[in-house]
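What follows is a single structure, written as structure tokens, with notes after it.
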Amino acid sequence: QLKELDRAVAAAHTFFVANPQHLQMREDMEKYRRMSAVKAGSFRDLEAAPHWEAYEAGVQHYEADEYPQAVAKLEESLTEALSALEECRDLCEGPWEDEDKEEMEAGLYEAIAAHYIQVLKCRQQCILEVATKPGRVSATEDFIPSHLDLLQFSYEQVGNQALAAECSASYLLFYPTDESMLEKMKRYRAELGEDTAIAARESIRRYVQTSLMEKKLIYYAVEHLGGTFSDPDLWTPDELIPENLKEKYREDQEKQTQETLDGKEVEKRGPLPFEGVVVTMDSTQMNGTQRVVFDGVLTESQCKDLLQLAKAAGEAGDGFRARRSPHTPHERFEGLTVLKAVQLAQDGDVDWRGARLLLQASEKSRKIVESYFTPGRKLHFSFTHLVCRTAVDEKQEGRMDLSHPVHADNCLLDPEGQECWREPPAYVYRDYSGILYLNDDFQGGGLFFTEMDAVTVTAEVHPKCGRLVAFSSGKENPHGVWAVSRGRRCAIALWYTHSPEHAEQERVKADELMEQRAAGQEQPDGEEHRGTDQSSSSSSKPPIPNGGARPVSQRHRPGSDKMQPHKLLRVRDEF
């Protein structure tokens, strides 16, 4: 508002780097890129650490095959990162938090030991601080070794075999049994001559030796004095970890492996719980893991009923805010939650049959996904959304965007870094996702899966009535939706979680309202149900549900004290 575009763009860019899924900021960034008064240099990260700026620039040069520039930036990043590590480790000295609150009843020597164990653990955690990109929560794995790996290849490409060998030798300090790097070292020795001494960098050698000594002391303390230690490094030698701690780590790893059951193991799962539902494509056919397509989940008649529900009740926007599509200006986006559907049925705006069918169809899908991916382990609804995307005819010419950009459902996809950050604002508790299609009389709108680069398409799914595509919600399944260029695409979007605390509360409420309605419809023994025939007296009132909602005949207009004219009711088959 102050017309300080340079500072505005820098602030927006800084926020967007840390929050890449923020739709409003994405729109603002696109607006700034179109403005002629905004210079390219304005797009700068105000929170970027020096080593991160150099690292990202180096990786960009590396991916563009600009190896001389990559070498310069990666060397700068490595130097800055090691310097930041030393500064962080120095700050671990001195009294640690809550030290003055300790009663020190164990004695002086124990108190001294506890203090320095805390200092050592603090120093070990410094790599996480340095390797975490500003705005992120998770650290980049193997941050220091990855520098050496990239530098080794870059130096080889520019013809500097001596420095390439030095980087290889330095990398082997972290992973001494890496076969690929050992082969390269053998080749470098042959090219440089057996008499040429190839030594690792002294700064790297000192860092590794210091870190290993600290780990040895910490593990000894954990084994004999108690406590815990979360080792931040993947390269810690196995022999350094005490045997009793190794067993615990093995159990954790086996548990994690069991939880990531692959879609290729379909034959080990139980049969599908419904007749007529068939697996059309599995993970192998879809070139990925934990992906599947089912057909026959809904009949044509059921699809038509749900389409009618969507037509009657879909609201402009995403079902919560008065916006059109949150993803593209070229489409209208209508959404309906299960609770909203039941409330609309209560008010007489939609048929109860459609609201009940939405609950039944989504529950059927949940049982299918649960039986296929996690037999014996409960899946809870995380969110259920009946959504329709309609092409805006006058806005299709020259269209280049997607109906829904490539993303993952429980982490923030970072295609450039080949990472997916499982941290807020992502829905980190989501475990599985599903889409139940209702129609195919439109153009475009297909689902596609990609590699982590968000560009390489690995599989596509074409919508049709009763087709359910399901997949795990993590980084193994980045996906997007092709643009809907003509017509209206409707589907039930489904997300599931293993965590009961994240179960969909709107669904619980919707089920309660359904039960209340069923209870309210029950008549006392011997009482005639009046108003069954349309010719009956229209003054008879339908029973008020237990929830206290007004019957259709007594609805008030907002801001009016007068009742609407009484509606003629008739008995319906409630499916």
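The values are calculated or read from the model by the stated rules, or taken from the named source; none is laboratory data. The structure presented is a predicted model; accordingly, all values stated were derived computationally and were not measured. The area values use the complete protein model at the heavy-atom level, side chains included, leaving out ligands, DNA and RNA. Shrake-Rupley method; radii C 1.70, N 1.55, O 1.52, S 1.80 Å.
Descriptive notes on the structure:
- Average accessible area per residue (Å²) across region 2-96 - probe 1.4 Å, nucleic acids and ligands excluded: 59
- In Hz, Karplus ³J(HN,Hα) per residue of region 170-186 (6.51, -1.76, 1.60; θ = phi - 60°; x = Gly, Pro): 5, 4, 5, 5, 7, 10, x, 9, 5, 5, 4, 6, 5, 5, 5, 4, 5
- When the listed pairs K311/K340; K121/K475; K3/K31; K364/K464; K121/K216; K121/K215 are checked against a 20 Å cut-off, the alpha-carbon distance exceeds it for K121/K475.
- For region 49-60, putting each phi into the Karplus relation 6.51 cos²θ - 1.76 cosθ + 1.60 with θ = phi - 60° gives couplings of 6, x, 5, 6, 4, 5, 5, 5, 5, x, 5, 5 Hz, in residue order, rounded to whole numbers and with x for Gly and Pro.
- The accessible surface of region 278-517, taken with every protein chain in place and a 1.4 Å probe, is 50 percent carbon and sulfur.
- Entry comment: accessible area of region 278-517 is 40 Å² per residue, from protein heavy atoms only and a probe of 1.4 Å.
- When S283, S499 are compared by accessible area of protein heavy atoms, the largest-first order is S499, S283, using a 1.4 Å probe.
- Taking every protein chain into account, the 1.4 Å probe leaves D238 with about 90 Å² of accessible area, to the nearest ten.
- Region 134-210 - accessible surface per residue (Å², probe 1.4 Å): 50
- C-alpha center-to-center spacing [region 4-73, region 444-478] in angstrom: 29
- Y116 - accessible surface, heavy atoms, 1.4 Å probe, Å² rounded to 10: 120
- Rounded, prolate or oblate (a/c below 1.5 giving rounded, otherwise prolate when a/b exceeds b/c) for region 36-83 by Cα gyration tensor: oblate
- Spatial separation of Cα centroids for region 360-374 and region 133-182, in angstrom: 45
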